[in-house]
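A short write-up of the structure that comes next.
The values are calculated or read from the model by the stated rules, or taken from the named source; none is laboratory data. Remember, predicted model here, so these are calculated numbers, not experimental data. Virtual Cβ from ideal backbone geometry, glycine too; neighbours counted across all protein chains shown. Protein only, heavy atoms only, side chains kept; ligands, DNA and RNA dropped before computing areas. Shrake-Rupley method; radii C 1.70, N 1.55, O 1.52, S 1.80 Å.
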Amino acid sequence: MEERAEQGRTQENGRSDGMAREPRSSPCTSLKMFLVALSFAYFAKALSGSYMKSTITQLERRFDIPSYLIGVIDGSFEIGNLLVIAFVSYFGAKLHRPKIIAVGCVLMSIGTFIIALPHFIIGRYEFETSVRWVVNSTLNPSPCPVGSPADLTQDGKLPEVPATGCEGDSNLSMWIYVLLGNVLRGIGETPVQPLGISYIDDFATEENAALYVGCVQTISVVGPVFGYLLGSLCAKIYVDIGFVKMETITITPADARWVGAWWLGYLIAGVITLLSAIPFWFLPRSLPISGPRGPEKCTPEQTSFIKDSPLLNHKYPADKHTSFTEMAKDFIPTLRILLGHQVYLIYLCVTIIQLNSLIGMVTYKPKYIEQHFRQSASKANFLMGVINIPAVALGMFSGGLLMKRLKLNIMGAARFAFGTSLIGYILSLFFFAMSCENAKVAGVTLSYDSMDMISYDKHPVFTTCNSDCFCSASEWDPVCGENGITYVSPCLAGCTSSAGSGKNTVFSNCSCVGVAGNFTASTGQCPHKDDCDRMFPYFLALSVITSFIISLGGTPGYMLLIRCIKPQLKSLALGFHALATRTLAGIPAPIYFGAIIDTTCLKWGQKRCGGIGACRIYNTTAYRIAYLGLTLSLRTISFVICIPGFILLSRQLKKEERNAIHGALANGGTELEALRKEEFVISNCDQLQQTSDNSTDRETRL
């Protein structure tokens, strides 16, 4: 009775013997609090990560760097993960997981603030333009200075002295701060996923674990909605807002030289990430394992921590105290066992290849929308956030719900994930048909002589109509002629005079625009978006459908990873999976996708101090084939690898089933033997009793 009373008091406090110092809160409440806190942490890290991707074109233009270098910056997040993830996953599973997650969130916020730092320590953004803001002046300098193209250097630059203060210009190296901040973000994000998911799987019932993981991952996909919306808002605001007069800015958000207030979003994301760390400091190290009915209907009997419970067959007790030395000695043998698991290795290869495809596609999708369909960065980010990401979130949640409703086993989950991915792949082939003609730019996509057909052959920018002008071939200062053709600069359009100022500047007497030479041109590229506007809604609709279908298999695929291995290897398997995918997909994918995209550039910008800057216009046909072709080729390879994966998984399940049957038979034999022994004892007792009774009867008769 005393033992029962003591056990009741322990259950009432929601603690086991190994949790004497934990807060006096019920396990139901603590698990729900952990779910809320982890969901918010997922939201925060997803928001800052998606905001990083939404600022790709802004960072390219601000720091004058090509796409492959942006890929290096984007991949630096994964480098941060790579540094610590294996050790955090292995040792963190045996330590205080909520507090380790809290420390990670703090590091993430510091890294996010460091990314925004360059804006406050470098000068104002200067873009190449011949348009000036002139006050109280009706006479502007001629955009066509007298000279000859022969006076230019071989690379098409004007032989002039570099801008004042160019030697001290720190823009060339400021992107390193962005890279270092992103590395720190990656280090901080490391414990959130493996420790958070394993914590839920340890202390939730088996039937609810998949739903909880689905809920958390759904919230993590809601984060990018706000990340891209924040990116859309900041892209509309000029980078130096508050420091310059907006009347003097001669470009619009649709211009290839426009840079939005990229730094502002990082400050907001940093504050949100810092707030997400707070709840984890108050959560317990471990919880009593829930009964069959789940934490939402907990009773003291169900939440008692019974170490011999069959529920522990797939749980791994995190509160088992082990010395650091013992854990270190077990690390290599445990890792060897994990990597010897064939199904796990196949799963790893498939997800690495598919994530290469997914990460490369998502990283450059806003840029693809901007370049191919001639949308502004703000609109591209807005559409990603409002249309595409919610479809992914709905798909992730629906996948977790379907897995619970259909009660899918491991093989069912694998088939479901494969089927959804295959359907999405087939639908993605239609993206190749959704083409859009490039802008008509004289000297870039068409020649000055033939203004009808777009051609991507190399065209000369100098011709007879601008031969009297002393122009630079490397400048990008587009103007739209009356004939609907865009010219690289007013000088190359042969314009000899201009009127007005700022965005309202009009160039006149442009010899290349019309034969008579009395035609005008206005600032900026010609719109020419009729064909794109017709095709763009179909592209968005197909993008939403494919995103939803592919994401349906996300949660079943993730639960396959957890269930195909032994419980003791769960945390390490999650951690090593994250390590491998980040190393072999997260780091290289943005770099080689960016490098391949760079090869389709038709016109590079020029840095102030010389050298190639950001790309101004791409060959849209080559861009589409390279971007979509690389994405789908990788997914094709992953499908081929899935075939041996299914064979190995089927063999593993059959083997486990045979072992279970043998185990049941062995247990049944033991129980039968016990029953026989019991019957034998009872029989002997009966015989003794009968002998005793007979003896007594004889004595009585005597």
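Some observations on this one:
- Pick from segment 586-628, criterion in contact (Cβ under 8 Å) with a residue 40 or more places away in the chain and among the hydroxyl-bearing types (S, T, Y), ranking: farthest from N182 (Cα to Cα): T621
- A count restricted to segment 223-243 and to residues that are open to solvent by 50 Å² or more (accessible area, probe 1.4 Å), over 12 Å from Q58 (Cα atoms) and either among the aromatic types (F, W, Y) or touching a residue at least 12 places away in the same chain (Cβ under 8 Å) (or both) stands at 5.
- Subset tally (residues that are farther than 29 Å from Y90 by Cα and either open to solvent by 10 Å² or more (accessible area, probe 1.4 Å) or modelled with pLDDT under 85 (or both)) for segment 547-594: 7
- Restricting attention to segment 259-275 and to residues that are open to solvent by less than 10 Å² (accessible area, probe 1.4 Å) and touching a Ser or Thr at 6+ places or on another chain (Cβ under 8 Å), the residue that is farthest from S489 (Cα to Cα) turns out to be T273.
- Qualifying residue in segment 595-612 (condition: of a type in the set (G, A, S), open to solvent by less than 20 Å² (accessible area, probe 1.4 Å) and either touching an Asp or Glu at 6+ places or on another chain (Cβ under 9 Å) or assigned by the TED database to the domain that holds G80 (or both)): yes
- The criterion of at least 3 residues that are surrounded by fewer than 23 Cβ atoms within 10 Å (Cβ to Cβ) is met by the following helices (runs of 4 or more DSSP H) wholly inside segment 35-122: 67-92, 97-116, 118-121.
- Among (1) open to solvent by less than 50 Å² (accessible area, probe 1.4 Å); (2) over 24 Å from P537 (Cβ atoms); (3) of a type in the set (A, V, I, L, M, F, W, C) - the single one M434 does not satisfy: (2)
- Residues that are assigned to a loop (DSSP other than H, G, I, E, B), farther than 19 Å from F226 by Cα and open to solvent by 10 Å² or more (accessible area, probe 1.4 Å) within segment 359-401 comprise R374, Q375, listed in sequence order.
- Flag for Y448 being surrounded by 15 or more Cβ atoms within 10 Å (Cβ to Cβ) and at pLDDT 85 or above: no
- For segment 238-281, filtering for residues that are in a loop (DSSP other than H, G, I, E, B) and closer than 24 Å to E370 by Cβ leaves 14.
- Residue match in segment 469-491 (condition: touching a helix residue (DSSP H, G or I) at 6+ places or on another chain (Cβ under 8 Å) and open to solvent by 50 Å² or more (accessible area, probe 1.4 Å)): yes
- Condition check for G494: open to solvent by less than 10 Å² (accessible area, probe 1.4 Å), more than 37 Å from the chain's Cα centre (by Cα) and modelled with pLDDT under 75: no
- Looking across segment 278-288, just one residue is crowded, with 23+ Cβ neighbours inside 10 Å and at pLDDT 80 or above, and that is F280.
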